[in-house]
Amino acid sequence: QVLLVESGGGLVQAGDSLRLSCAASGRTGSTSNMGWFRQAPGKEREFVAAISRSGVTTYYADSVKGRFTISRDNAKNTVYLQMNSLKPEDTAVYYCAEGSPILTMSAPNAYVYWGQGTQVTVSS
């Protein structure tokens, strides 16, 4: 059973930056594709970004492309989401996920393991 724990969320102003972290433990096999999702109140969970096992290939939602950067440090079993130029519409609970078989599969049900989420609030 893989355990994912997110951290780094908070309250910021529009234009500010935040870096989210997702620490993984309990993995017994090789690394997997990992992703970040977010869910705003009253909305469905939406894909934000994904990164391949090696960290070489990344994939982003159009809404965050050019502002957010996903990366990973496999030695630390940690995935990061650097969020720059934050907007009020980025406000949501951000979730880390692992296990999608194909990097570009952006549906939440493509992922096997999920963290508990971290709140990001961007004020205008």
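For segment 72-106, give me each residue that is in a loop (DSSP other than H, G, I, E, B), of a type outside the set (Ser, Thr, Tyr) and open to solvent by less than 50 Å² (accessible area, probe 1.4 Å).
86, 103
State which residue is most open to solvent (accessible area, probe 1.4 Å) when the search covers only segment 48-71 and only residues that are among the β-branched types (Val, Ile, Thr) and over 19 Å from residue 116 (Cα atoms).
Of everything passing the filter in segment 48-71, 56 is most open to solvent (accessible area, probe 1.4 Å).
Can you name the residue in segment 107-124 that is of a type in the set (Phe, Trp, Tyr) and open to solvent by 50 Å² or more (accessible area, probe 1.4 Å) and, of all such residues, is nearest to residue 21 (Cα to Cα)?
As a first pass, look at segment 107-124 and keep what is of a type in the set (Phe, Trp, Tyr): 111, 113-114.
Still in the list and also open to solvent by 50 Å² or more (accessible area, probe 1.4 Å): 113-114.
On the way: 113: 16, 114: 13 Å.
Within segment 107-124, the match that is nearest to residue 21 (Cα to Cα) is 114.
Filter segment 21-71 down to the residues that are among the small types (Gly, Ala, Ser), assigned to a loop (DSSP other than H, G, I, E, B) and free of Cβ contacts under 8 Å to residues at least 40 places away in the same chain and list them by number.
26, 29, 30, 42, 54, 55, 63, 66
When you go through 45, 38 one by one, which is the residue that is open to solvent by less than 20 Å² (accessible area, probe 1.4 Å) and either under 16 Å from residue 115 (Cβ atoms) or of a type outside the set (Val, Ile, Thr) (or both)?
That would be 38, the only listed residue that is open to solvent by less than 20 Å² (accessible area, probe 1.4 Å) and either under 16 Å from residue 115 (Cβ atoms) or of a type outside the set (Val, Ile, Thr) (or both).
The values are calculated or read from the model by the stated rules, or taken from the named source; none is laboratory data. Everything numeric in this text was worked out from a predicted model, so none of it was measured. Using ideal geometry, Cβ is built from the backbone for each residue, glycine included, and neighbour counts are taken over all protein chains shown. Please note that ligands, DNA and RNA were not included when accessible areas were found on the heavy atoms of the full protein model with its side chains. Shrake-Rupley method; radii C 1.70, N 1.55, O 1.52, S 1.80 Å.
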